[in-house]
Amino acid sequence: MNVVIAGAGKVGYFLAKELMEENEVTLIDSNEKTIQNIDDTLDVLSIYGDVEDPYTYRNIKKDIDLFIAVTDSDEINLLSSLIIDNIVNVKEKIVRLKNDFFMSDKIKERLNITDIITPAIDVAKTFNYLIDFPHANNVKTFDYTKALLLAIRIHPTFEPLTIEKFRDNLDNKLIIAGIDKGDKFFVPNDLDMLMPNDLIYIFAFPSLMSSIRVSICKKQDKQDIKNCIIYGANQLGLEIAKVLIKRGLNIKLIDRNLERCKHANTVLKNNVEVIKSNYNLDFLLDSHGVNANIFIAATTNDEFNITKCMEANQKGIEKVIGIHNNRQYASLMRKLNIEVIRGEKMNAYYSILEKVTSNKIVSQRVFCGGEGTMFMRKIFANSKFLETKPELNDKIYGKGTFYIQRDKKFLFYKNTKTLQVDDIIICFCLAKNAKVLKNWLKQGENE
C-alpha cells in the first residue's frame, strides 16, 4: 500500500515506523531537524516542505492508497487533504481533528475524507463507561458486538482459582482475554490461575458486569462516584469535564495557568469549579474541603501525572486515573496501581493504526498498552465459511486463543463444528503473534 503522512510529530513518526515494514510510506514535515531524524532512523521517503503548498507533493506517486493528516492544526490537516486530492489520485483519507466544529458530515463529504479522528473527544467518551462500571480500569467498545473489553484489577482478598472455574461460576458468559501480573502480560488458557491483584482483561456483555464485580472486586456502586478532581484544563481535560457534567458529577478542574482557567470557565459555562492552583492536592483537600472519590491526572506530562496519581492513591481516593501520552509509561502506571487511559496522541496513533490494519472483513484492536491484540471476523450471509470453518493449522495453534460469539454466548472455536450467519470469530494474542493470526483470519477476504 502506498501511504502518505502529513506531519511528522509523535503520531506521524510512529505511524510511519509501524507501517513502513509492509507499505511504501512517504512522510512530510516542514521542520528540517525532524526530516533529518527521519532519514537517520526510518526506511521511508521523507519530504521537507509545507503540507499546505501544492509544490510539496510534486515528487510523490500519482496514485495513493492512503493519505493521513496528523499535524497539530485542524485547518492545515483539512487543507492538505483538499490539496492532495487536486494533485494525485487518493483512495482513502484519514484526518485528525481537535475541534468538533469541523466534524460535520458535510465537511467530511465535501473533502472526500474517509475517516475523521477526534482523539480528545474519543478519550473523553471512555469516561461514560467508567462511571457506569466504576470497578473497571478501562473499557473498549466494538462495532460488531455489544460486548465490552474491560480491564479490571482483582481485589487483594480474592481466593485464587482457575479461569475454567471462574468462567464456570459465571455460566461461561465471558472470556479472559489477557492477564497483566505487573512484570508479565500474557494471553491465558483455562488452566491458568487468577490471583489477587492481577489486572485482567475481560470480554463480556454489560448485563454480566454486576456479577463480575461481586466475584472479583470490592463492593463499589456507580452511585459512589460523585466528586471528581481533574488536573489539567487542556483540551482533553475540558472534554472529560463535559462528559462528567452530563453524568451529574461535582467537578473541580485544576490548572496552574490563568488563561487556561479563564478559557475553561467560558467553554464549560461555569458548570465546573475551576481553580487556579499549583496542583497542591493537600491544599485542595483541606482548604477547599474537597471530598473526591475520583481523581484524573490529564496533563500532557506523563511523569507529572504519575506523581500526582501516587499522591491521590496515598490520600485514599477510590478511583485514580492517569492519562498517558507515551507508550513507555503505560506499563509503569499499571504497576503503580494507577488506572491508565490513553492520551490524545496515543489515542490518535492507535485509532489510525487500527483503521489502517482493519477492513470490512477483519477488525483489529490492541489492548494493554499495545502488548495484546484482538481480532474479530463476522460471518456474513455470503461468507465462504458458512457451514464450515477454517482449521487451526500448526502455524497458529498455541499462538492465541480462539472463540466464536454466537448470539450472546462465547463458544470455544475448537469445539464448534461449523460457522453460522452472524457468528463472530474472536482471537486474542500477544502483539508479536498478530501478523500470523491476521493472515489466517483473512482467508477468503474477497467474499
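The values are calculated or read from the model by the stated rules, or taken from the named source; none is laboratory data. Just so we're clear, the structure is a prediction, and the values are computed from it rather than from any experiment. Methodologically, a virtual Cβ is constructed for each residue, glycine included, from the backbone with ideal geometry; neighbour enumeration extends over all protein chains shown.
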Report yes if Arg327 is touching a helix residue (DSSP H, G or I) at 6+ places or on another chain (Cβ under 9 Å), within 29 Å of Glu18 (Cα to Cα) and outside the structural domain of Leu15 (by TED's automatic domain parsing), otherwise no. yes
Taking the stated definitions as given, is Ile131 modelled with pLDDT of 95 or more and either of a type outside the set (Phe, Trp, Tyr) or within 28 Å of Phe67 (Cβ to Cβ) (or both)? no
Here's a check for you: in region 116-157, which residue that is among the basic types (Lys, Arg) and in the same structural domain as Leu208 (by TED's automatic domain parsing) is nearest to Lys246 (Cα to Cα)? Lys140
Can you tell me which residue among Asp74, Asp100 is crowded, with 17+ Cβ neighbours inside 10 Å, among the acidic types (Asp, Glu) and at negative phi? Asp74
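Is it the case that region 335-355 has a residue that's assigned to a loop (DSSP other than H, G, I, E, B), β-branched (Val, Ile, Thr) and within 22 Å of Asn128 (Cα to Cα)? Before the answer, list the steps.
Within region 335-355, the first condition is being assigned to a loop (DSSP other than H, G, I, E, B), and the residues that meet it are 336-338, 343.
With the extra rule that they be β-branched (Val, Ile, Thr), the set shrinks to 338.
Next, from what is left, pick out any that are within 22 Å of Asn128 (Cα to Cα): 338.
Yes, some residue in region 335-355 is assigned to a loop (DSSP other than H, G, I, E, B), β-branched (Val, Ile, Thr) and within 22 Å of Asn128 (Cα to Cα).
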Applying the selection to region 263-279, what residues are over 18 Å from Leu236 (Cβ atoms) and free of Cβ contacts under 8 Å to residues at least 12 places away in the same chain? Lys269, Asn270
Looking only at region 171-181, count how many residues are surrounded by fewer than 17 Cβ atoms within 10 Å (Cβ to Cβ) and in contact (Cβ under 8 Å) with a residue 40 or more places away in the chain. 2
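Within region 27-43, can one find any residue that is in contact with a Pro (Cβ under 9 Å, 6 or more places away or on another chain) and either under 14 Å from Gly7 (Cβ atoms) or at pLDDT 95 or above (or both)? Give the derivation first.
Here is the first cut: in region 27-43, the ones in contact with a Pro (Cβ under 9 Å, 6 or more places away or on another chain) are none.
No, that holds for no residue.
Please count how many residues of region 106-135 are free of Cβ contacts under 8 Å to residues at least 60 places away in the same chain and on the phi < 0 side of the Ramachandran plot. Step through it out loud before you land on a result.
Step one: filter region 106-135 for residues free of Cβ contacts under 8 Å to residues at least 60 places away in the same chain, giving 106-114, 116, 118, 129.
If we keep only those that are on the phi < 0 side of the Ramachandran plot as well, we get 106-111, 113-114, 116, 118, 129.
Total meeting the criteria: 11.
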Every residue in region 49-71 that is surrounded by fewer than 16 Cβ atoms within 10 Å (Cβ to Cβ) and among the hydroxyl-bearing types (Ser, Thr, Tyr), please. Tyr55
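One line per residue, one yes/no per condition, for (1) polar (S, T, N, Q); (2) over 17 Å from Phe410 (Cα atoms); (3) crowded, with 22+ Cβ neighbours inside 10 Å:
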site: Val139; (1), (2), (3): no, yes, no
site: Ile154; (1), (2), (3): no, yes, no
site: Lys165; (1), (2), (3): no, no, no
site: Asn169; (1), (2), (3): yes, no, no
site: Leu194; (1), (2), (3): no, yes, no
